[in-house]
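One structure is given below, represented as C-alpha cells, and several questions about it will come after.
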Amino acid sequence: MKDDDIVLARGPSFYVGRVFIYGCLLVFAAVYVFPLLVVVLTSLKDLDDIRSGSILSLPVRVTLQPWYDAWFNACVGLRCTGLAGFFANSFAMAIPAVAISTAIGVINGYALTQWRFRGADLIFALLLFGVFIPYQIVLIPMARVLGIIGLANSIPGLILVHVVFGIPFTTLFFRNFMISLPGDLVSAARVDGAGFFQILWRVIVPISIPCFVVSIIWQFTNIWNDYIFGATFTSGDGMPITIALNNIVNTSTGVKPYNVHMASVVITALPTLFVYIFAGRYFLRGLMAGSVKG
Amino acid sequence: MTTLALEKISKYYGQVPVLTDVNIKVGSGEFLVLLGPSGCGKSTLLHAIAGLHRITSGDIAIDGRSVNEVPCQDRDIAMVFQSYALYPSMTVAKNIGFPLEMRKIPAGEREKAVAEVAKLLRIEHLLDRKPGQLSGGQRQRVAIGRALVRDPKLFLFDEPLSNLDALLRVEMRTELKKLHQRIGKTTIYVTHDQVEAMTLATRIAILNKGVLQQVGTPYEVYNRPSNLFVATFVGSPAMNLLPCVVEQKGADRVVRINARNEGSKASVRLPLPNDAMPPVGADLLLGLRPEAFSPVKFGTDGHLIKVQVTLIEPTGPEDIVLFDIAGHEAVARIGAGSIDQPGQAALAIDMRNAVFFDPKTELRVQ
C-alpha cells in the first residue's frame, strides 16, 4: 500500500464492498478470458484429443501441427495454401491505408485549427458526415468507381476505399486534439520564418504523438478487421485474411479440423493485439517523457 | 536602426471596429509601450505589425517601406508571446536556433549565435533541457533569446511578463530595460500593466476601445493626461477628479471645489498657479494626483485646508489616505505615519501639477 492512498473508512461495509468489487471484476474478466482460453487450448490439441476431452480440458499432447497447417496448408475454397498469403495481403492493405489516412487526417486537423480560414467549420461538419455513413450504402457506387478507375479486385482498390472511409475519423481525431494546442505556437513559428509544412513537421507533429496513437490503433484495428469491403471488392488470391478465415472455417465438406480453425483465428487476431500492446505502450512512454508538458 | 510608422490603421471584424484610425510614429531605438485595458485592441495592433493579422485599412511602414503585403517571415521582426510559445518538443538550444535554422544559417554559425545569446541571458546551463523542465522565468528568458538570436529590425513583445509571479515580474522588467539600453533596438511592447509601461517606455501609447488616446513620454502621460480616460487609467491610486469652477478674485483667480450636495461641507477655494489658464466660470473637473497632497506646506505659496480623514492604508514607505473634501471622496499618498488616525486633519495641496478637464468632452483644458 502506498503512502499517498486516499483515506477510507475501514469497517465491515468496507470489506463487503471490496469483496463485491473484486467479485464483479473476476466475473467480467472471466467473460473475456474464457473464449480466448478455449480457442488457444483447442488449437494446441490434435483431433482425437478434441473429440474425447471437454472443451476446457488441457491438451493431452501439446501439438503445434494445427498452427503449421493453418499457416501453410489450410484450404480456402479449393486452394490449400494456408493463411500466409492472405496474412501478407492484409498487411499490404492495412499499412498503406493506415499511413495515408492518418497523414491526411493530420494535415486536415492542422489546417482546420491552426490556419483558420472562412468556412473551416462548415468543411469540418461536412467531413463529419463521413463518420455516420453506413458502409452498405456505398458498396455499389464504390464498386462502379473502382471498376472505372481500374482498381477492382486489387489491394490498391481496398486501400483507396479504406483511406476514403478513414479520413473523416482521422480528421475528427486530429482536429479535436489540435484545437486545444495554443495558437501562439504557430504564430511564433511563422514569425521565426517557418512555412506551412515546416511548422507541421517540426512543431505540431512532435506534440501530437498521443493523437497518432489513437489514430493508428483505431485505423489499424478497423481496417485489419474489415470484412464487408474485402468480401465485396476482392476474390481469390487478393482477399484479406478476414475473408480467408471465413472461407476456411465455413467449409461444409469432410471432417472439420477445429484445431486448425482455432489456430487460424488466433493468427488472424494477433496483429491487432500487437498493435494495442506494443504501439500503445511505446507511444505512451514517449508521451510521458515530458515533451508535451508546459 | 529602424523606424516604424503606423498611418490610419483600422481593423474590423465584420462590422465590429477593433482599431480605428490609429496613427503612431516610432523613432529609431525607441521603446514604445502600447497600454490599455484588455480588449482595447493593443494586441491586435501588435499582431498587425507582426503580419499575423491583416488590417482593414491604413499603412504600416518599417523603415519607410510599406509592409502591408509583406508576409510576417519577411518583415524581419522578432516577437515574444505572452504564453512564450516555446516549441515543446525541442531543447532550449533548438528553440533558440529555430529562427536561424528556418533562414538556412549553417549549423556552425547557428551554434555560435545560440551560445552568445545564452550567455547574454545567463541560460547556458539550460541549453539541453526541454521547455517542460523549465520554470516560468527560465522559459521567459528562452523566449527572449529566440527573439534576440537573429538580430531583427524590430522587437515585438506581447504582454511577456503577465504570466510571471510578482517578484519575478519586477526582476525581468529591470532586465528587459537593461537589455534595451544595451542593444538599443526599436521595440514595441504591449501591456495592460501601467507600472510596467511607465518603467520601461521611452514613450507610451494609450488605447481604449480601439482608439488611440494619447502618445507621450511617461512623464507627459502621467502629468499631462490628454483626457479623462488616460487620467484615470494611468497611476495607482487613480487621479482625484473634483468638480470645480474657476472664479476671478480681483487680479487672482481661484478654484472653487463644488460641494457634493447641500448637506456637505462648504466648498473649498484654492489658489491657482500663475501659468494655468483654465476658463473662468465654466464647470470643470480638477485633476489632482494623490501625491499632490501633503501634511506639510509645499514651498511658500502652499495652502492648508481642513479635511475629514476616513481611512488610512499603510503600504510601508507611504500611507494611502482616504479623506473627504467638500463632500467628495479623495485619496492622498503621504509619508507613513504623518497622520496617525482618522479624523480632522490639515492637508496642503500642490496646485502646480493640477489639470483641468471639460466634463462634457472629457478632454483636458489647456
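Suppose we keep only residues that are within 9 Å of B:A143 (Cβ to Cβ) and not in a helix (DSSP H, G or I) within the stretch B:84-99. Which one would you say is farthest from the chain's Cα centre (by Cα)? Lay out the reasoning, then the answer.
First, pick out the residues of the stretch B:84-99 that are within 9 Å of B:A143 (Cβ to Cβ): B:84-86, B:95.
Now drop any that are not not in a helix (DSSP H, G or I), which leaves B:84-86.
Numbers: B:Y84: 21, B:A85: 24, B:L86: 26 Å.
Out of the qualifying residues, it is B:L86.
Then there's this: Show me the strands (runs of 3 or more DSSP E) found entirely inside the stretch B:1-48 where at least 1 residues are under 13 Å from B:D59 (Cα atoms).
In the stretch B:1-48, the matching strands (runs of 3 or more DSSP E) lie at B:4-13, B:16-26.
What pairs come up if the first residue lies in the stretch B:177-196 and is closer than 20 Å to B:S162 by Cβ, the second is in a strand (DSSP E or B) and among the hydroxyl-bearing types (S, T, Y), and their beta carbons are under 9 Å apart, counting only those six or more places apart or on different chains?
Once the first residue is closer than 20 Å to B:S162 by Cβ and sits in the stretch B:177-196, its partners that are in a strand (DSSP E or B) and among the hydroxyl-bearing types (S, T, Y) give B:H180/B:T187; B:E196/B:Y189.
For the subset of the stretch A:179-190 comprising residues that are among the aliphatic types (A, V, I, L, M) and part of a loop (DSSP other than H, G, I, E, B), which member is nearest to the other protein chains (Cβ to nearest Cβ)?
A:L181
Taking only pairs six or more apart or across chains, which ones have beta-carbon atoms under 6 Å, a first residue in the stretch A:97-116 that is farther than 25 Å from A:D226 by Cα, and a second residue that is modelled with pLDDT under 95 and surrounded by fewer than 19 Cβ atoms within 10 Å (Cβ to Cβ)?
Hits for this filter: A:L112/A:A120; A:T113/A:I179.
Could I ask something else about it? Looking only at residues in the stretch A:79-106 that are surrounded by fewer than 16 Cβ atoms within 10 Å (Cβ to Cβ) and farther than 19 Å from A:V265 by Cβ, which one is nearest to the chain's Cα centre (by Cα)?
Top of the filtered list is A:I95.
When the residues of the stretch B:318-354 are narrowed to those that are in contact with a Pro (Cβ under 7 Å, 6 or more places away or on another chain) and among the β-branched types (V, I, T), which ends up surrounded by the fewest Cβ atoms within 10 Å (Cβ to Cβ)?
B:I320
Let me ask you something else. I'd like the residue in the stretch B:103-116 that is within 14 Å of chain A (Cβ to nearest Cβ) and part of a helix (DSSP H, G or I) and, out of all such residues, is surrounded by the fewest Cβ atoms within 10 Å (Cβ to Cβ).
Step one: filter the stretch B:103-116 for residues within 14 Å of chain A (Cβ to nearest Cβ), giving B:103-105, B:110, B:113-114.
Going one step further and asking which of them are part of a helix (DSSP H, G or I), we end up with B:110, B:113-114.
On the way: B:R110: 21, B:A113: 19, B:V114: 23.
Checked the stretch B:103-116; the qualifying residue surrounded by the fewest Cβ atoms within 10 Å (Cβ to Cβ) is B:A113.
Any residue that is within 8 Å of another protein chain (Cβ to nearest Cβ), surrounded by 20 or more Cβ atoms within 10 Å (Cβ to Cβ), in a loop (DSSP other than H, G, I, E, B) and in contact (Cβ under 8 Å) with a residue 60 or more places away in the chain - is there at least one of those in the stretch B:62-81?
Yes.
Taking A:G193 as meeting all but one of (1) in a helix (DSSP H, G or I); (2) crowded, with 19+ Cβ neighbours inside 10 Å; (3) of a type outside the set (A, V, I, L, M); (4) within 14 Å of chain B (Cβ to nearest Cβ), write down the number of the exception.
(1)
With respect to the numbered conditions (1) surrounded by 14 or more Cβ atoms within 10 Å (Cβ to Cβ); (2) under 24 Å from A:F212 (Cα atoms); (3) in contact with a helix residue (DSSP H, G or I) (Cβ under 8 Å, 6 or more places away or on another chain), which one is the sole condition not fulfilled by A:P59?
Every listed condition holds for A:P59 apart from (2).
Would you point out which residue out of B:L154, B:L100, B:L126 is within 14 Å of chain A (Cβ to nearest Cβ), among the aliphatic types (A, V, I, L, M) and touching a residue at least 60 places away in the same chain (Cβ under 8 Å)? Lay out the reasoning, then the answer.
Values: B:L100 fails: touching a residue at least 60 places away in the same chain (Cβ under 8 Å); B:L126 fails: touching a residue at least 60 places away in the same chain (Cβ under 8 Å).
Residue meeting the stated conditions: B:L154.
The values are calculated or read from the model by the stated rules, or taken from the named source; none is laboratory data. What you see is a predicted model; the values in this text were computed from it and never measured. Cβ atoms come from the backbone with ideal geometry, glycine included; neighbour counts cover every protein chain shown.
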